[in-house]
Structures are given as C-alpha cells and as structure tokens.
Amino acid sequence: MKKTLLLSIGLFLFLGFTENFNIESSTINFSEDIAPIIYENCSGCHHSGGIGPFSLVSYNDVFTNKTAVDYSISNGNMPPWPPDTSYSRFSHERVLSSDEIFKIQSWVANGAPQGDSTLAPAYPTYVTSGPTLGVPDLTLSAPVYVSNAVNHDDYVCFVIPSGLLQNRKIRAVEVEPGNPEIVHHTLVYIDPSATYQTDTSGHCMGPTSFSSKLIGEYAPGSLPTIFPGDNNLAFGVEIQAGSNVILAMHYPFGSNGNTDSTKVHLYFYPTSTTNFREIYIERIVENWNFCVAPNQVQTFNAQYPTNGSAISTKFSVYGIFPHMHLLGKSINCYSVDSNNDTLNLVNIPNWDFEWQGFYKYTYPQVIEQGSRLYSQASYDNTTANSHNPNDPPEIVCAGLNTSDEMFLVYFMFMDYQNGDETLNLDSLDQLTNVEMNSIYGNNTFLSAYPNPTNTGVNFSFKNNQNNIVDMKIIDINGKNIYNKSISTTLGLNKFYWNTCSNNGTKCPPGIYIYGFNFNGQWEYGKIILK
Ligand code: HEC
C-alpha cells in the first residue's frame, strides 16, 4: 500500500500539478483546507480518550505534530488501513486521496499557516461512555471472571441466556470489553438450541455445537458489526426466542489475576421488518496443519473446499476477515471460477496484528458454482519481525494460543439472489464514513455532508437523550435564514436540509454557518453551497 500511495503522489505531481504548485500551496491554510481533512479522517481516533496516542482536534494540535503528520500520511501509515486498495476495494476505507495528501504536504512545507480561524469547521466533539451505537435493545453481560492465563493464554466461553421470548432480527452487534487491557479478542455466537455450556477449561475457541452461529467479533482495531439495511431490504442475523448468547473470550498470557466482565449489545430491526436476508458468518478458508521454522519466512496455502472438489452452490460475500497472529507477514484470499477467472477478495500486504476486523464490500462479491477459494499466508519467524514473541526464534505451529500461529479467513455471506452483483450495499448502509470514524473513536459527532454541496446537506449527530434539538442556518451576514426543531431519539440521528430558506426559496451559493443546540449548547460548523 505504501508503494502505491507514493507512486500516486509522484504521478499526481508529474501530471501537471507542478505548474501551479506555488500558487496552490501558498494559499493552503488550516482553517479552510486542512481542518476538514483532519477532522474527517483523523480526529475520530486522535482525541483525548480516543485510541490515537495524541489529539488532532485543533489547529494547535495539528501544528505541533505537523512533521509526524506529514510523515505518517506520506508513508501511508495513517490513517490505518491494512488492505491493499489496488487488489480489492471495500466500503468505508480509511484512505486519503492523493489530492488530500498533496494538500497536507504542501501546507506543512509552507510553514503550516492557520488562515482565517472563523472559516474553520467546528471542532469535533467527543463524549466517551457506554455503547457507541446508542441505546441497545438488549445488553448481555458475561459474569465477572478472573483470568487464569498463568502458563498459557486463557480461552473461555461464557454462555448467557438471551431471555428473548420472540425471534428477533439483529441489525448490529457491539462488544464492550469490560477490561480492554486484557481482552485480546471476543467472538460472539448464538446457540438457538441452548444446549452448549459455559467452558472455563482455558481451551475454548468457540462453541462446538453444530447449530451455533457466529454473529460478531471484537479484536484490536475492529468496529462494531453493523449490517446494511433500510425499510425495504434488511440484512442481518436472526436470533431465535430462547437462544443463548456465547462470548468466546481470549485473555492473553500474563493477564492472570485480572478481572473482566465483557458486555455484548444487540440492536434489533423492528419486529415488522419484512424482506429480510440472513447473513452467515463462518471460517471458510483455514489451515491448521503447518509449522513455521525458526529464522525462516515461509508461505502456506489453504483452499476451500479442502477435498479438491468445487463449490456446489453460488453465494454472495458481504465481508471478509483474515486472521493470523504475531508472525503474520501477509495474507490474501481469492476465488477462481470454472472458467479460470480470478476474483480478488482481499490482500493484506503488511499484516499488523493490531489492525484487523471485517472488511465489507460495497457490492456483494458473487462466488459462482464450480469455484474454489484460495489463500496464501506468509509468516516471518526471523528476528527482523519486531513482533516475534521469541528471541531467538523458535518453531511455531498452528494452534490456539497467541504464541501459536493461525491461518483463518472468516466470511460474511448470504444465499445468492438475482441482482446481487449490482446491489449497492452502501446505499443500505446505516452509517456514513464520518459516523464510522466517530464510532471508532467512541464519541458524539456532528457532521455535514456532502460539503460543499449544490443539492442538499445530510446532517448527522448523536444525541445522548430523547428530546428536541433546535438547528439553524445563518448566512454570511449573520442573518438567520432557516430554523427547525428536530425531534430526536437517543443515539444516531439524521437530518436533511434541502438548502432552501424558511420561506422555501433556494439559498444562493456562498458560505453558511449551521448550528445545532444540544442540551442548551450550540455547536457550529460551516457549509458551502456551490
Ligand atoms: C482508526 C484510528 C486512527 C485513525 C483514523 C488515525 N490514526 Fe493515527 N494513530 C492511531 C493509533 C492507534 C496510533 C498509535 C500507533 C499505531 O498503533 O499504529 C496512531 C499514530 C499516529 C502517529 C504517530 C506516528 C505513527 O505513524 O505511528 C501519527 C503522526 C498519526 N497517527 C497521525 C494520523 C493522521 C494524520 C491521521 C489522519 C490522516 C490519523 N493518524 C488517523 C490511530 C488512528
């Protein structure tokens, strides 16, 4: 990915932008050009209480860190996005365009001027408490557990009765680790048969009962599972009345003696939802039969079906999640159909254990009948791998501990339906990119998009109570041209403004200020009508 980024910057400069480089770059300032890029792409993680190591929410923050910011975006480290975008594309990619990279580089090269601070968008605001997706329909807590990871990693499965009296359709799953410092990962299953029992033997990787379904996961760097859906077509996972929910927990070696009680929050579609399509989440491509020799970089293969036959029923892939441990170097996955045509699914060229999760496609990737799935995974068991847990390197084999290796590719998929190839899942997406990033950073967030616009503006924000939120639009002369009282629900809310003033006339192009009043406090931002 780094190479691709650098190459595209190079091309960008080469293709004529060098001519007006000086004119362009000398006018680039924080308030108008840089703040929107940083607030949309960085602040969600880089704010106080967020997962980034320092804040990037004001001019001073960004100015202070400008050299590191320039370096991190130029080498492609930030924002973190492991998949190779030249191999396959996903929705909600955390990547900057070459234009955005160019702007930040030129701005830093020019001394990083602030510009007119009154033109800057409002600081993004963040609140950190409770589930990030708003009030859940059902929260289940694992019992308080003391990690037993004395000699090995502790794998424990907790069975929690859902208490559901009727079947529900799940639209989102959020895991809230009780003790984030010791929760290495969590897999969430439902067991409709309610037969599987809690297993604290230390070796439980998930339920063994055949009927249980994986519905969500938490791993370093992953987001809540949010299925696409709107009033006409809803994707998700059905949970039956009386089901148990199973949390398969992984506490790493060394965490013994520390307590945890992890929660899972479930969000349901309304019971009246029709036109529902079930999503299945399973490990499809995997290899449990390999060892990586010390001081070697080795590549292994996996394929599905494992017996050499071909896939018998066409299906549609919604998301993919490659998983390896600390020796992981790279991993890919693709399918080859009966005509020998290859469909690239995912490629992680520089595996980073800290950044993993499900990557979701904008359009379902259709796996034809007669296809086979393949994956290659490379492992670096040399001292050059800074994550290598052993120095000197030791032989490491596939297994269940963090110090063992893994080679798994999870799929989210559904039965194929006509038209899946052109079904835009993003249009059914419950969240936008900005909202995704803000959820990532666990905050409330007021955003306006597209901006600039010539049609209309979608505002979205999270509110921490059910009430009326007043909003207003002010023109450049300070005149109030539009007001609205929006009745909101707790959690994520959206409001569309068609760029007309209160009396229904279209607003002329120019700069406008929007304000939203949350519990007595106004938050402002700038929008430009083209
Ligand atoms: C998804 C969360 C996330 C986003 C989005 C993000 N960062 Fe980071 N950033 C981190 C974390 C976590 C670290 C700590 C190092 C690590 O884990 O890689 C970090 C580290 C950094 C560092 C320290 C040097 C380095 O490369 O490790 C810089 C500089 C930085 N980020 C800048 C940015 C900029 C600029 C953006 C937006 C273009 C951005 N980050 C977006 C999470 C994020």
Residue count for the range 79-89, restricted to those that are surrounded by fewer than 17 Cβ atoms within 10 Å (Cβ to Cβ) and either within 16 Å of the chain's Cα centre (by Cα) or within 14 Å of the ligand (Cβ to nearest atom) (or both): 3
Identity of the residue in the range 42-72, of a type in the set (Val, Ile, Thr) and surrounded by fewer than 20 Cβ atoms within 10 Å (Cβ to Cβ), that ends up farthest from the ligand (Cβ to nearest atom): 64
Subset tally (residues that are hydroxyl-bearing (Ser, Thr, Tyr) and crowded, with 22+ Cβ neighbours inside 10 Å) for the range 336-370: 1
Filtered residues of the range 55-85 (kept if out of contact with any Lys or Arg (no Cβ under 7 Å at 6 or more places or on another chain) and under 21 Å from residue 353 (Cα atoms)): 72, 73, 77, 78, 82, 83, 84, 85
Residue in the range 456-476 that is farthest from residue 134 (Cα to Cα), counting only those that are at pLDDT 80 or above and not in a strand (DSSP E or B): 475
Given (1) at pLDDT below 95; (2) more than 16 Å from the ligand (Cβ to nearest atom), number of the condition residue 316 does not satisfy: (1)
Index of the failed condition, residue 271 passing every other in (1) in a strand (DSSP E or B); (2) surrounded by fewer than 15 Cβ atoms within 10 Å (Cβ to Cβ): (1)
Options 68, 112; residue that is assigned to a loop (DSSP other than H, G, I, E, B) and hydrophobic (A, V, I, L, M, F, W, C): 112
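The values are calculated or read from the model by the stated rules, or taken from the named source; none is laboratory data. Computed from a predicted structure; not experimentally measured. All Cβ positions, glycine included, derive from the backbone under ideal geometry; neighbour counts span all protein chains shown.
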